[in-house]
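Since the structure comes first, as structure tokens, the remarks are kept for the end.
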Amino acid sequence: MTEPTAFSFDAESQALVDGAIAKYPPGKQASAVLPLLDIAQRQIGRLTGSAWLPTVAMDEVGRVLDMPNIRVYEVATFYLMFNIKPVGHFHLQVCGTTPCWLRGSDEVARACREFTGIKGYGETSADGYFTLSEVECLGACVNAPVLQVNDDYYEDMNAPRVAELLTALKRGEHPLRGPMNGRQNSAPEGGPATLLTIPAE
Amino acid sequence: MAKVTVDGITVEVPNGSNVLQACEAAGKEIPRFCYHERLSVAGNCRMCLVEIEKAPPKPFASCAYPVADGMVVHTDTPMVKAARRGVMEFLLINHPLDCPICDQGGECDLQDQSMGYGGDTSRYHENKRAVTNKDLGPLVKTVMTRCIHCTRCIRFSTEIAGVPEMGATARGESMEVGTYISKALSSELSGNLIDICPVGALTSKPYAFVARPWELKKTDSVDVLDAVGAAIRVDTRGSEVLRVLPRINEDVNEEWLADKSRFALDGLKRRRLDTPWVKREGKLARTTWPEAFAAIEAKLTGLSGDRIGAVAGNLCDAESMLALKHVMAALGSTNLDCRQDGAALDPSRREFFTFNTSIAGIEEADALIIIGSNPRHEAPLINARIRKRSLMGAFPIAHIGVAADLTYRHQYLGGTPQLLAGLRDGSNAFASVLRGAKKPMMIVGQGALARPDGAAILAACWALAAETGMLTPDWNGFNVLQTAAGRVAGLELGFATGKTLAQMLGGGVDLLWLLGADEFDAAAIGPNTFVVYQGHHGDRGAARADVILPGAAYTEKNGTYISTEGRVQRGALAVFPPGEAKEDWKILRAFSALIGKPLPYDNLEALRMCLVQENPLFDRLDILPHFGCSDTTGPVSVGAVGDALFEPAIENYYMTDPISRASPTMAACIEAQKHPKTPAESAMAAE
Ligand code: SF4
Ligand code: FES
Ligand code: FES
């Protein structure tokens with residue numbers, strides 16, 4: 001993926017941009033920098049299959065919001081959700097924070113590496129499908145370990161489930177997100193464990 | 001006012017001050033890295049910790065904590081000391097131990113403060129963090145591993161310079177200070193980053209590995225590379241000027257210095273005239289002083305005064321201009337000009353050619369119109385003051401001239417002087433802004449005056465000023481922004497009489513004495529005119545000369561200058577002129593003796609007495625009375641205001657005089673401006 005030399009918001013994004021800017025009082029439009037960066041990254045993902053933020057896109061955000069480019073770079077590099085390097089179609093984000101780690105995030109990461117041939121975090125697979133990153137707590141610890149793929153959380157992961165998921169993704173399917181072990185949302189594994197009967201008054 | 005007790009000393013400080021300021025008022029020095037009195041408060045280095053009574057029992061960052069009446073502060077309790085030691089230990093975790101090869105060594109805040117708060121051994125055995133260096137262009141060298149993330153450089157470029165290019169990208173352990181994209185800094189004030197960086201992360205590229213501060217002799221002087229009159233310190237070792245740094249002068253440059261003034265000094269070593277030259281058979285040849293003088297004398301025989309003329313250049317000191325004026329008088333000539341660009345400056349009254357509001361006075365103004373000037377290039381420090389005022393708010397600014405990024409918000413009205421008419425008759429909307437303002441001001445640049453209709457424009461500008469309430473008994477908002485350090489003194493000394501430069505060219509005189517005059521087209525001098533060039537650089541004037549008399553550059557003589565504000569200041573000799581070169585007034589004094597009309601002064605004191613006799617203004621060193629305008633009669637108008645578009649007064653900021661033209665550093669700046677490096681080249685240059 002080479003660095004593009006120009007960027008502008010397309011019609012679909014522009015509607016979102018206008019909406020985001022309209023949320024802030026006039027003159028304070030720079031507050032919309034986060035949504036705009038996100039819209040830009042999604043547009044690039046939509047058009048090229050790699051959702052990332054080249055410098056030209058950040059410059060465009062700076063121009064639209066009338067803020068110095070460096071201020072946009074500061075924000076974009078601060079948040080890990082913005083990819084300042086090209087990524088694959090599927091951005092595999094392995095949660096490595098303590099609860100996930102205790103529940104086997106190492107295994108999830110290893111399975112990702114094995115399936116994609118990626119050697120370490122931050123890399124993209126040779127076929128361009130996958131990029132592997134380590135992220136901090138995704139806030140879904142009850143169903144640890146968690147693997148986030150683009151916007152979707154796949155929970156209760158283990159090595160076979162990773163392989164199954166990635167195979168399906170590569171085939172172009174979109175497996176249902178959420179817990180992968182059949183539990184309902186964040187209910188206990190294997191069905192309800194408390195309040196099985198309604199206690200008599 | 002709030003009463004604050006610091007270590008038992010009670011002081012009164014204005015409400016809204018911070019605890020650090022209160023401590024300073026009490027004479028207690030507080031160590032700091034991120035706090036800088038001219039920048040916003042970041043409060044991120046935590047070095048300035050103090051203890052405050054009746055507050056939660058923890059150390060407070062004094063720079064970011066406001067004072068309250070009755071506050072009791074301790075700066076030397078065991079808790080404070082331990083806390084500062086802790087901060088220092090953290091700062092040093094990732095700071096390299098490379099002081100022996102660091103250019104900041106000897107003038108480094110971190111080095112100094114670690115003497116007070118650093119441990120004698122390190123408890124940190126892990127790897128230190130390493131950060132790749134950034135390429136910030138030809139002036140600022142980076143060693144980013146040394147950066148302690150104080151963000152002063154970021155705040156300086158955003159707040160003072162108004163060119164927000166520095167920032168902190170990524171976060172935590174990965175945070176890096178730089179421009180993110182590799183590009184040379186585009187501010188004319190970038191050299192100040194070197195001064196404000198408390199460690200050796202940002203240092204001077206041209207000065208890299210040149211000297212240690214304790215080897216240098218320091219001479220206080222004033223800058224002459226623009227007409228602002230910034231206070232400088234010239235650091236020398238032996239016969240070499242090694243660096244120029246700003247000194248604090250709140251009324252002029254505060255504590256900043258523009259890049260040309262700071263970095264053009266390597267031009268002082270190149271293309272110097274260090275011996276007299278005389279033209280023999282069409283070729284310049286080295287000669288001796290007596291022979292050079294004899295050649296001029298021979299040419300002078302039988303020449304009537306009317307056929308002799310003298311032009312003073314942009315860097316001239318008042319002493320040498322007065323001596324030249326006296327020599328010319330002895331020769332019977334009154335053909336003197338110090339306006340090389342032909343600017344229609346009316347010398348009849350000081351107010352017509354000076355910056356009357358004064359630089360500090362800009363902060364009082366409440367509306368500004370800039371006409372035919374780009375202060376960012378012509379006087380970066382004045383521009384910084386305008387920006388400072390602009391940031392305070394309620395300061396509408398309009399610009400007529402060549403459209404430019406002036407670093408502050410302004411309304412661009414257009415590029416033709418015809419707009420003046422609309423402002424005067426009120427049809428231009430900005431006219432009502434000026435009329436409605438209490439202290440409106442106007443800056444007229446040389447770009448508005450150095451043109452055929454300059455006199456008409458000057459008169460129109462003055463009239464506009466008078467009509468919009470800029471000229472009142474206690475406010476003078478009319479300002480001419482000079483670009484030449486010698487210009488105001490020249491006009492004050494009456495170095496603008498008889499034939500003008502234009503009239504002297506093309507054979508208007510038979511002998512033309514150029515005192516450091518290089519900023520006009522020397523090819524326009526008549527082929528039979530005998531040219532004496534007295535100056536320090538082999539530049540345009542010397543190339544056309546028949547006799548060259550080697551003079552002294554501003555760092556090599558004791559000279560008096562008048563800044564564009566009308567401030568009389570003295571530069572000082574820091575090193576001696578090279579080779580055979582002499583201080584300029586001495587050359588003229590020696591020549592006057594030779595022609596049998598010795599000037600009535602043998603030493604600088606006597607000459608300076610003469611200066612005062614010539615114009616009492618010269619007695620008023622360093623002070624600038626705040627004038628209003630008591631007489632609103634304007635300068636004489638000649639002809640009508642034309643409609644030619646304004647042109648820039650200076651072509652390129654980095655090269656405006658013989659010194660900066662000879663400077664490789666300035667050449668590198670222009671190169672960086674014209675041909676920005678590719679990212680790969682930048683990465684190479686950074687290492
Ligand atoms: S480079 Fe210097 S001034 Fe800038 S943040 Fe680092 S230490 Fe501070
Ligand atoms: S630790 Fe992985 S989601 Fe919270
Ligand atoms: S000087 Fe107070 S926190 Fe840095």
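The values are calculated or read from the model by the stated rules, or taken from the named source; none is laboratory data. These numbers were taken from a predicted model, which means no experiment stands behind them. Here Cβ is always computed from backbone atoms with ideal geometry, including for glycine, and neighbour counts include all displayed protein chains. Each accessible area value is taken on the protein alone, full model and side chains, heavy atoms only, with ligands, DNA and RNA left out. Shrake-Rupley method; radii C 1.70, N 1.55, O 1.52, S 1.80 Å.
Numbers for the structure displayed
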quantity	calculated
Pair list, Cβ under 8 Å, 6 or more apart: the range B:41-52 residue within 14 Å of chain A (Cβ to nearest Cβ) and within 6 Å of ligand 3 (Cβ to nearest atom), other residue part of a strand (DSSP E or B) and open to solvent by 10 Å² or more (accessible area, probe 1.4 Å)	none
Given (1) away from ligand 3 (no atom under 13 Å from the Cβ); (2) touching a Ser or Thr at 6+ places or on another chain (Cβ under 9 Å); (3) farther than 27 Å from B:Trp214 by Cα, index of the condition B:Thr5 fails	(2)
Of all residues making up the range B:162-176, the number that are touching a residue at least 40 places away in the same chain (Cβ under 8 Å) and within 12 Å of chain A (Cβ to nearest Cβ)	3
Count - residues of the range A:70-90 that are open to solvent by 10 Å² or more (accessible area, probe 1.4 Å), in contact (Cβ under 8 Å) with a residue 12 or more places away in the chain and either of a type outside the set (D, E, K, R) or within 18 Å of A:Ala11 (Cα to Cα) (or both)	11
Residue satisfying all of: in the range B:15-37; touching a helix residue (DSSP H, G or I) at 6+ places or on another chain (Cβ under 7 Å) and within 16 Å of ligand 1 (Cβ to nearest atom); farthest from B:Leu391 (Cα to Cα) among these	B:Pro31
Criterion: surrounded by 22 or more Cβ atoms within 10 Å (Cβ to Cβ) and either more than 14 Å from every other protein chain (Cβ to nearest Cβ) or in a loop (DSSP other than H, G, I, E, B) (or both) - qualifying residue of B:Leu97, B:Leu110	B:Leu110
Residue match in the range B:594-606 (condition: in contact with a Leu (Cβ under 6 Å, 6 or more places away or on another chain) and either assigned to a helix (DSSP H, G or I) or among the β-branched types (Val, Ile, Thr) (or both))	no
Unmet criterion (only one of (1) touching an Asp or Glu at 6+ places or on another chain (Cβ under 9 Å); (2) open to solvent by less than 50 Å² (accessible area, probe 1.4 Å)) for B:Met79	(2)
Those residues of the range A:61-78 which are under 19 Å from the mean Cα position of the chain (by Cα) and either more than 9 Å from every other protein chain (Cβ to nearest Cβ) or of a type in the set (Gly, Ala, Ser) (or both), in sequence order	A:Val75, A:Ala76
Looking only at the range B:449-498, and only at residues there that are among the hydroxyl-bearing types (Ser, Thr, Tyr) and assigned to a loop (DSSP other than H, G, I, E, B), the one that is farthest from the chain's Cα centre (by Cα)	B:Thr468
Test set (1) more than 14 Å from chain A (Cβ to nearest Cβ); (2) out of contact with any strand residue (DSSP E or B) (no Cβ under 9 Å at 6 or more places or on another chain) - B:Ser186 fails condition number	(1)
Selection status of B:Asp274, within 30 Å of B:Ile548 (Cβ to Cβ), open to solvent by less than 10 Å² (accessible area, probe 1.4 Å) and acidic (Asp, Glu)	no
Whichever residue in the range A:46-60 is open to solvent by 20 Å² or more (accessible area, probe 1.4 Å) and closer than 13 Å to A:Asp10 by Cα and, among such residues, is farthest from the other protein chains (Cβ to nearest Cβ)	A:Arg46
Any hit, the range A:17-24, residues being charged (D, E, K, R) and surrounded by fewer than 18 Cβ atoms within 10 Å (Cβ to Cβ)	yes
Residues (under 21 Å from B:His537 (Cβ atoms) and open to solvent by 10 Å² or more (accessible area, probe 1.4 Å)) located in the range B:506-524	B:Gly516, B:Glu519, B:Phe520, B:Asp521, B:Ala522, B:Ala523, B:Ala524
Only one of B:Ala543, B:Ala552 that is of a type in the set (Gly, Ala, Ser), open to solvent by 10 Å² or more (accessible area, probe 1.4 Å) and touching a strand residue (DSSP E or B) at 6+ places or on another chain (Cβ under 9 Å)	B:Ala543
Residue that is nearest to the other protein chains (Cβ to nearest Cβ), among those in the range A:111-140 that are aromatic (Phe, Trp, Tyr) and either within 16 Å of ligand 2 (Cβ to nearest atom) or touching a Leu at 6+ places or on another chain (Cβ under 6 Å) (or both)	A:Tyr121
Odd one out for B:Ala264, checked against (1) more than 16 Å from ligand 1 (Cβ to nearest atom); (2) surrounded by fewer than 19 Cβ atoms within 10 Å (Cβ to Cβ)	(2)
Filter result (assigned to a loop (DSSP other than H, G, I, E, B), open to solvent by less than 20 Å² (accessible area, probe 1.4 Å) and not hydroxyl-bearing (Ser, Thr, Tyr)) within the range B:561-593	B:Glu565, B:Gly566, B:Arg567, B:Ala574, B:Val575, B:Ala581
The one condition in (1) of a type outside the set (D, E, K, R); (2) closer than 23 Å to A:Gly128 by Cα; (3) away from ligand 1 (no atom under 16 Å from the Cβ) that A:Thr97 fails to fulfil	(2)
Residue count, the range A:144-201 (criterion: assigned to a loop (DSSP other than H, G, I, E, B) and without any contact (Cβ under 8 Å) to a residue 60 or more places away in the chain)	36
Selection count, the range A:126-143, where residues are surrounded by 21 or more Cβ atoms within 10 Å (Cβ to Cβ), not in a helix (DSSP H, G or I) and not hydrophobic (A, V, I, L, M, F, W, C)	1
Test: A:Cys112 is surrounded by fewer than 19 Cβ atoms within 10 Å (Cβ to Cβ), away from ligand 3 (no atom under 16 Å from the Cβ) and among the hydrophobic types (A, V, I, L, M, F, W, C)	no
Verdict on B:Gly342 being part of a strand (DSSP E or B) and of a type outside the set (Phe, Trp, Tyr)	no
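Let's see how each residue does on (1) closer than 16 Å to A:Asn150 by Cβ; (2) in contact with a His (Cβ under 6 Å, 6 or more places away or on another chain); (3) in the same structural domain as A:Asp156 (by TED's automatic domain parsing); (4) surrounded by 15 or more Cβ atoms within 10 Å (Cβ to Cβ):
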position	(1), (2), (3), (4)
A:Val33	no, no, no, yes
A:Ile39	yes, no, no, yes
A:Gly62	no, no, no, yes
A:Val94	yes, no, yes, yes
